[in-house]
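Okay, so here's the structure we're looking at.
The values are calculated or read from the model by the stated rules, or taken from the named source; none is laboratory data. Note that the coordinates shown come from a computational prediction; the quantities given were computed from them, not determined experimentally. Cβ: placed from backbone, ideal geometry, glycine included. Neighbour counts: every protein chain shown. Please note that ligands, DNA and RNA were not included when accessible areas were found on the heavy atoms of the full protein model with its side chains. Shrake-Rupley method; radii C 1.70, N 1.55, O 1.52, S 1.80 Å.
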Amino acid sequence: MTVFSEFSEFSDLSPTARAVFAELLVHGPLSRAEVARRLDLSPSVLTKLTRPLLDAGLLCEEPQGGGGAAPGRPSFPLRVDHSRRSYVGVKITADELFAVRTDLGATVREQVGLSLLGHEVSQVADRVGQAVELLSGSGAPAAVGVGLAGTAARDDRVVRRSPFLGWRDVPLADLVERAVGVPTVLENDVRALTAAEHWFGAAVGRRTFALVTVGEGLGCGLVVHDRLVSGKDGVSGLIGHLPIDDRGPLCELGHRGCARAYVAAPSVRRSVRAALDRPELSFDDCLRLAGAGDPAARRIFDEAGAALGRVVATVANLIGPEVVVLSGETVHMYDVCASAFAESLAAHTHWTSEPVAIRVQPFAFTEWARGAAVIAIRHDLGAG
Ligand SMILES: [Zn+2]
């Protein structure tokens, strides 16, 4: 049995020790020499920093081939034992919440969905508490992350605005923390997913990238020089209503031809239904019709792809990303509108720039809650 003699919480460690751990979590296994090189540390300092983490079992040595470590042999690479801590991530939607329990490597171990009985703040906080309890069978998590659409950021305890819940200035982190008894943090859901892509997904090793999500809305998360961009008061990446064409369809706020009016799933569905006079069609029905060559559906998806290409070009022109990751509930529409997207992206990318690298990341709904768990992991490690 491991004796946690010198380690109880990451917050007890020095910032450099936490940086070592985070480096190994995201990029490991790594040799000691490589960790020392990456963080500009001497071998003796690294040995001192890793000892409590090895003693606690949070780090271990990755065996290579046969035989164990022995005096005189070169040491094995270090890696994080993901099973040593667990986290809960919760995504709140208008009528349900989804929660996952992950390990340190953000692998989902358990999940649960609960309906919301209302949008009363105390009701929602209680429901989050119940979800955490349901996922705590094997012990309380080290931290809880809560993600939702709206204005929220990890360094703030308060949901500033969440229109879909009708909330303004709700101290949700404190309410949930009181209910669950472990450190709790909030984050905007798209930014949480961006953090997950940065540490455990399509953007590992990228210092500057953007995530653009398509689904009920249109979202954007930014990482610049390895920092998640939260903006002032948790506001950043608001690309949903970028103007595309002032002769285009209307969005729900009455903008003519904004990005959301072209790309968001409800807008696409509405346009196809109206064009074909078939109010029963689901989004995936519309997508199938476009894929099968129905001219009206095809045109609407091509316009959606072109609008998305323009949005991505705009984001790329602003931050110069190494890659733009596309994801979200309806990212599978990319297969149908890829050529319209690519043409528009190329046309709107600044003429001095290299072509923008695109990664399409398949999406499952648990990704939102997993993103919130990654925020909890980063918070536990004191990482930005
Ligand atoms: Zn709009």
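The residues in segment 247-266 that are of a type outside the set (A, V, I, L, M), near the ligand (Cβ under 9 Å from one of its atoms) and on the phi < 0 side of the Ramachandran plot can be counted, and the count is 6. Has segment 155-162 got any residue that is open to solvent by 30 Å² or more (accessible area, probe 1.4 Å), under 19 Å from residue 120 (Cα atoms) and within 16 Å of the ligand (Cβ to nearest atom)? Looking for residues that are open to solvent by 30 Å² or more (accessible area, probe 1.4 Å), under 19 Å from residue 120 (Cα atoms) and within 16 Å of the ligand (Cβ to nearest atom), one finds none in segment 155-162, hence no.
Of the residues that make up segment 242-257, is at least one buried (at least 19 other Cβ atoms within 10 Å of the Cβ), closer than 30 Å to residue 384 by Cβ and out of contact with any helix residue (DSSP H, G or I) (no Cβ under 6 Å at 6 or more places or on another chain)? No: zero hits.
Apart from one condition, residue 230 fits all of (1) modelled with pLDDT of 95 or more; (2) assigned to a loop (DSSP other than H, G, I, E, B); (3) more than 14 Å from the ligand (Cβ to nearest atom); the exception is (1).
Checking each residue in segment 246-268 for being within 20 Å of residue 282 (Cα to Cα), touching a strand residue (DSSP E or B) at 6+ places or on another chain (Cβ under 6 Å) and assigned to a loop (DSSP other than H, G, I, E, B) picks out 251, 264.
For segment 20-33, residues that are part of a helix (DSSP H, G or I) and touching a residue at least 40 places away in the same chain (Cβ under 8 Å) total 7.
Please indicate, with yes or no, whether at least one residue in segment 169-179 is surrounded by fewer than 19 Cβ atoms within 10 Å (Cβ to Cβ), within 16 Å of the ligand (Cβ to nearest atom) and in a strand (DSSP E or B). Checked against the condition, which is being surrounded by fewer than 19 Cβ atoms within 10 Å (Cβ to Cβ), within 16 Å of the ligand (Cβ to nearest atom) and in a strand (DSSP E or B), segment 169-179 yields no hits at all.
A residue that is within 11 Å of the ligand (Cβ to nearest atom) and not in a loop (DSSP other than H, G, I, E, B) cannot be found anywhere in segment 270-286. Please tell me if residue 290 is more than 16 Å from the ligand (Cβ to nearest atom), of a type in the set (A, V, I, L, M, F, W, C) and modelled with pLDDT of 95 or more. So residue 290 fits the description; yes.
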